[in-house]
1. Looking only at region 612-630, how many residues end up being modelled with pLDDT under 90 and surrounded by fewer than 19 Cβ atoms within 10 Å (Cβ to Cβ)?
2. May I ask you to verify whether residue 236 is surrounded by fewer than 21 Cβ atoms within 10 Å (Cβ to Cβ) and in a helix (DSSP H, G or I)?
3. Among residues belonging to region 206-216 that are crowded, with 16+ Cβ neighbours inside 10 Å and within 44 Å of the chain's Cα centre (by Cα), point out the one that is modelled with the lowest pLDDT.
4. Output the number of residues of region 692-707 satisfying the condition of being under 16 Å from the mean Cα position of the chain (by Cα) and either surrounded by fewer than 16 Cβ atoms within 10 Å (Cβ to Cβ) or farther than 23 Å from residue 651 by Cα (or both).
5. Return the residues of region 32-64 that are over 14 Å from residue 688 (Cα atoms) and part of a loop (DSSP other than H, G, I, E, B); say none if nothing qualifies.
6. So, in region 314-364, exactly how many residues are farther than 30 Å from residue 34 by Cβ and in contact with a strand residue (DSSP E or B) (Cβ under 6 Å, 6 or more places away or on another chain)?
7. Tell me, which residue of region 387-409 that is more than 47 Å from the chain's Cα centre (by Cα) and touching a residue at least 24 places away in the same chain (Cβ under 8 Å) is surrounded by the fewest Cβ atoms within 10 Å (Cβ to Cβ)?
8. Working carefully through the options 105, 139, find the one that is touching a helix residue (DSSP H, G or I) at 6+ places or on another chain (Cβ under 7 Å) and at positive phi.
């Protein structure tokens, strides 16, 4: 018997699992978390996003990070705020002692203090054009600017007013003895409109509109929850009251209905309850109990408030404030079922979900008594095995395929399971996808067999396969778009579409779509198609154009196993390592991975589904990932920041004293003007993000000082020191996505005044005084300079005279010396006839040649210096010039046994002076003959090459070379000699050549290595690229 019990227990655990996954993130605020007080009487979100909380310790404001006590120095601090309402950018607060105050952004103003013997203000609201406050014991008050108009209806005498709410032209008043109605007549007098008889003598604690039906309400009483259908036709009111059918024994203290018609119920003794309803809001299908038994902080709920992000804020009596927010990501494990793959997902209109897995069909459902979904492995033999595809149609009929068994259909409760038999050709049966077309026919994608179309009774209508002329047999996805087209996705053959007239376009084959491997197709609310590929990212088909999103645009991976669009037209793609989301409006791409809270990052091909609440379900190997309303929770949140303060040297100032703006409800004016000494400014800013304040990213810039946005920061302040006089504008913006910034920018204008000594009149005075001083100094300085100038002119005249005489002397000396040298050379010729004088004659001839060369170089240098200011450059043919130089050096070439190789194109010319160009070439070629000829190498190569706007002439030898490390800085120095043992020379040739080339607007470069030879590069402009700036200065 014991063994049997164990087996039964194991079987039950195998068939039922997953009942305790918490769907909400709970943040608890109490004194330990920075909130003063634990008794919460009212909560409201103000115009700037701050959360205001009325506690037993005072009125507190919350910015998402810290609480700020707003009435610490207020006389009403211990008279707790009991109600709040926002109107025209202001917040009105009612207090337990009857006081009514208004906060205008700068501070509090008292409208009325201690009304009617400490009677609490239970409600403040706007009804048509009237701003109304309600006292618990003393009637209603119309707030007029800074006064009150009092109404004391007879029907409320001796009754305790718990609250009041506007509805159309009525004011509904919940009392300890029922629900009453009032309205203003044409004379703005408050008149009684009747009561709801079905609620008489009940203490009405709360009232909430049921938006699923007109004139319908949820009513919270001390005796449970009721539903009211109100009739307001005619002069009075009436209504049908029914018990809700649940929470009948609870004392209901607060109610709040959300945008998707979920109802949050606060009780006095059993915490918070969230109720989900079916599609038509007539049947409750899930209860989520949040109380101390379920690790919720409190059981006595005083208020329920919803912020702009649809987070629920719950006030408790004695346990502080609680924020309840949906979890964005939930992972439901199927490990108890031993699944290895969740292949397909679908769901019906009753919030029931069906998962096709490798072990069979799993059903997910809400039990109505717990705070999570339950999962059950269906026991019917017809639903066991590898379920490859599942589909639930609009009538909640279920279709699924068991691999190699068959196609089945069942009612929504999985009763009456029947097999659909159709002729698929026999053999292996595996259906990838089941879907119904708009006309109600069943379309099946079979592995290796193409697509089958069946009528509602299972009769085969069409088979699209290669045997019937279709483009492929492996169709991964079928999609029917709203225009009547049928789209097909395949691997290998890519994308195809069948038009409504039956024509098929093979988009990949015809080169209209680039990817050959397509996994999935989805359609957004605008009719744009999104196509997930295997290796090419996502494509959006919009306006007859395919737009690609890949890793370059931020996708996590280009291999997309499934795509789906949420209700905000964000497209989600699954990968092996996480999720990507594309925002259609901004094209911004964000990703979710394990580091972002994803439990399992590997997803199954095409196993994705969005339910009627716009949640997304994605299949994993051992479970499913649930994205709760991803259009809301994963929306990139761009908030306009608040510039909360501008401090001067960290001192807090009344900034309105420094502004000429009209006073408004803000701590910081739009325009501020400081004196010159108040120029160390700290700007404090914050974006109110109550759900996830840590995600805030900021950028700022001070226009007038900075042009670009600052680096991204999480810091909420920035300081600028020693700002100069001028006008500045401080800008700040916020985002939670570093790649996407909106236009929600907050700004404040700052003007720093000039110091008195920087004013125009002070500057004018300074200028006049300075002008006098400068004039006197200039007069004195001018006299001194005139004296020095005359002395310089005298010295220059003397120098010019000396230089002229020196040049004349140089020419005379050169001329006379050359004459003497000519005589010596003649004498040498005469003596050569005597063989006995040959050694002496050789020495004398060498000395004469060197002296002659030196004189020639001196003449060239003197001539160049005289002519360099008036050089007339013309086109010089390079080949012809080199030929002439070689002709004049024939004797030297023969003497050295040199082999001169010329590689000069005939059409290359340079812009230069022919005499100087050939002189420079002669010097450089002579050097090559002297130092470039060795026993091992006799070649000298002369070449020229045409470049962009200049010509390069190259003289290359393979001789002794030059040690550039040693002599590199002396190459072109006057008198420099590097191989005196080979040829003594005069050290002028290189110097003169460089000056001549540079004088013609060119340059000379040398590459040399000792023992390997030397290459000289001459660069000169082409004739049509003459330097307009004249000749370059030679060193």
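1. 3
2. Working: surrounded by fewer than 21 Cβ atoms within 10 Å (Cβ to Cβ): yes; in a helix (DSSP H, G or I): no.
No, not satisfied.
3. From region 206-216, those crowded, with 16+ Cβ neighbours inside 10 Å are 206-208, 210, 215-216; that's our starting set.
This time we only want the ones that are within 44 Å of the chain's Cα centre (by Cα), so: 207-208, 210.
Values: 207: 95, 208: 94, 210: 91.
Going through the qualifying residues, I end up with 210.
4. Initially, region 692-707 is screened for residues under 16 Å from the mean Cα position of the chain (by Cα), giving 695-700.
In the following step, the residues that additionally are either surrounded by fewer than 16 Cβ atoms within 10 Å (Cβ to Cβ) or farther than 23 Å from residue 651 by Cα (or both) were identified as 695-699.
Going through region 692-707 one residue at a time, the tally reaches 5.
5. 34, 35, 36, 37, 38, 56, 57
6. Residues of region 314-364 farther than 30 Å from residue 34 by Cβ: 331-364.
Remaining after also requiring in contact with a strand residue (DSSP E or B) (Cβ under 6 Å, 6 or more places away or on another chain): 331-334, 336-337, 339, 342-348, 351-357, 360-364.
Counting residues in region 314-364 that are farther than 30 Å from residue 34 by Cβ and in contact with a strand residue (DSSP E or B) (Cβ under 6 Å, 6 or more places away or on another chain) gives 26.
7. First, pick out the residues of region 387-409 that are more than 47 Å from the chain's Cα centre (by Cα): 404-409.
When the remaining residues are screened for being touching a residue at least 24 places away in the same chain (Cβ under 8 Å), the result is 404-405, 407-408.
Values: 404: 12, 405: 15, 407: 24, 408: 20.
The qualifying residue surrounded by the fewest Cβ atoms within 10 Å (Cβ to Cβ) is 404.
8. Values: 105 fails: touching a helix residue (DSSP H, G or I) at 6+ places or on another chain (Cβ under 7 Å).
Step by step, each of 105, 139 is checked, and only 139 is touching a helix residue (DSSP H, G or I) at 6+ places or on another chain (Cβ under 7 Å) and at positive phi.
The values are calculated or read from the model by the stated rules, or taken from the named source; none is laboratory data. Only a predicted model underlies this, so the values are computations on that prediction, with no experimental measurement involved. Heads up, the Cβs are rebuilt from the backbone with ideal geometry, glycines too, and the neighbour counts pull from every protein chain shown.
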